[in-house]
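The values are calculated or read from the model by the stated rules, or taken from the named source; none is laboratory data. Here the structure is a predicted model, which is why all the values come from computation and not from measurement. Every residue, glycine as well, gets a Cβ built from its backbone with ideal geometry; the counts of neighbours run over all protein chains shown.
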Amino acid sequence: MNKNHLIFQSPVISRENKEQKNRHQGAVVWLTGLPGSGKSTIANLLEAALFKKGCQTIILDGDNIRHGLNSDLGFSRSDRAENIRRIGEVAGLMAGNGLISIVSFVSPFRKHRDSVRAKLRPGEFIEVFVGCSLAECQKRDPKGLYKKAGLGKIKEFTGITSPYEKPLRPEIVLDTERLSAGQCAVRILAYLASKKIIPVLRSRMASKGHK
Ligand code: ADX
């Protein structure tokens, strides 16, 4: 397509107008980790805490988005690239409109995550590595998918027959074998407050995040 014939439309209500109204900045909190590592649980607790503080948020969850917007995509490397590209675009649009997008996707490939980061403003992409050993994820197996993958019923399953590449320099590392999901959410809140993306937390909450 010839992009010379596309003229960017500047909005009358700016991002800054929206951020001022919301009393926080737009941002993308990107949770990455093995299936069963705890991403969705943390995403929901984080959203509930932000909601309570009056923040404007959206959760973009891999399983849900694959039922709609990305229902045409599978789990090959190229489909996962497109999955992440699209959701990076959506999350960026939301952040550019003053929302905090909480993205919960396995997003196993470093290159795909890095290309989302590269398209956003410095500091806008907050990569959160939801760390959990494969053995523990297999033990948890909340959706029974590791069992199916082990029986050869799911092809290219992350952690079993498809790789997971840990982030090299994530903004936040969470160990969900040592911390509860609530403690993980508080760590993310504390980070957002420390970067002035959300208003500074009251000391009791902030200290809970740094035990
Ligand atoms: S990603 O790798 O492209 O980022 P995404 O987060 O959208 O994955 O979807 C992962 C979810 O799809 C998992 O939580 C799991 O429930 C389901 N799933 C089904 N097949 C696979 C597979 N082959 N690999 C990983 N997850 C799968």
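Just to be sure before I move on: is Val186 part of a helix (DSSP H, G or I), in contact (Cβ under 8 Å) with a residue 60 or more places away in the chain and more than 19 Å from Leu60 (Cα to Cα) in the structure I sent?
Details: part of a helix (DSSP H, G or I): yes; in contact (Cβ under 8 Å) with a residue 60 or more places away in the chain: yes; more than 19 Å from Leu60 (Cα to Cα): yes.
Yes; evaluated as a whole, the condition is true for this residue.
Can you list residue pairs whose Cβ atoms sit under 7 Å apart, with the first residue in the range 133-146 being within 9 Å of Pro35 (Cβ to Cβ) and the second being basic (Lys, Arg)? Count only pairs 6 or more apart in sequence or on different chains.
Listed by first residue and then by second, the contacts come to Asp141/Lys147.
Give me a count of the residues in the range 43-64 that are touching a residue at least 40 places away in the same chain (Cβ under 8 Å) and either within 11 Å of the ligand (Cβ to nearest atom) or among the hydroxyl-bearing types (Ser, Thr, Tyr) (or both).
Residues meeting the conditions: 4.
Among the listed residues Val106, Val90, which satisfies the condition of being part of a loop (DSSP other than H, G, I, E, B) and hydrophobic (A, V, I, L, M, F, W, C)?
Numbers: Val90 fails: part of a loop (DSSP other than H, G, I, E, B).
Going through Val106, Val90 in turn, just one is part of a loop (DSSP other than H, G, I, E, B) and hydrophobic (A, V, I, L, M, F, W, C): Val106.
When you go through (1) out of contact with any strand residue (DSSP E or B) (no Cβ under 7 Å at 6 or more places or on another chain); (2) of a type in the set (S, T, N, Q); (3) near the ligand (Cβ under 10 Å from one of its atoms) one by one for Ser107, which number turns out not to apply?
All conditions are met except number (1).
Provide a single number: the residues in the range 110-130 that are part of a helix (DSSP H, G or I), within 14 Å of the ligand (Cβ to nearest atom) and either under 12 Å from the mean Cα position of the chain (by Cα) or under 22 Å from Lys196 (Cβ atoms) (or both).
2
So, restricting to helices (runs of 4 or more DSSP H) that lie completely within the range 1-72, which ones have at least 1 residues that are over 30 Å from Thr176 (Cβ atoms) and polar (S, T, N, Q)?
Details: elements: 15-22, 39-52, 62-65.
Helices (runs of 4 or more DSSP H) meeting the threshold: 15-22.
So, in the range 175-208, of the ones that are at pLDDT 95 or above and hydroxyl-bearing (Ser, Thr, Tyr), which residue ends up farthest from Cys132 (Cα to Cα)?
Per the stated criteria, the residue is Ser194.
Residue by residue through the range 173-183, note down the ones that are outside any helix (DSSP H, G or I) and crowded, with 17+ Cβ neighbours inside 10 Å. Quick ask: steps written out before the conclusion?
Taking the range 173-183 as the starting set, the residues that turn out to be outside any helix (DSSP H, G or I) are 173-180.
Scanning the range 173-183 gives Leu174, Thr176, Leu179.
Within the range 144-172, restricting attention to residues that are crowded, with 17+ Cβ neighbours inside 10 Å and of a type in the set (Val, Ile, Thr), which residue is farthest from the ligand (Cβ to nearest atom)?
Only one residue tops the list, namely Ile172.
Can you tell me how many residues in the range 68-95 are more than 10 Å from the ligand (Cβ to nearest atom) and more than 16 Å from the chain's Cα centre (by Cα)?
5
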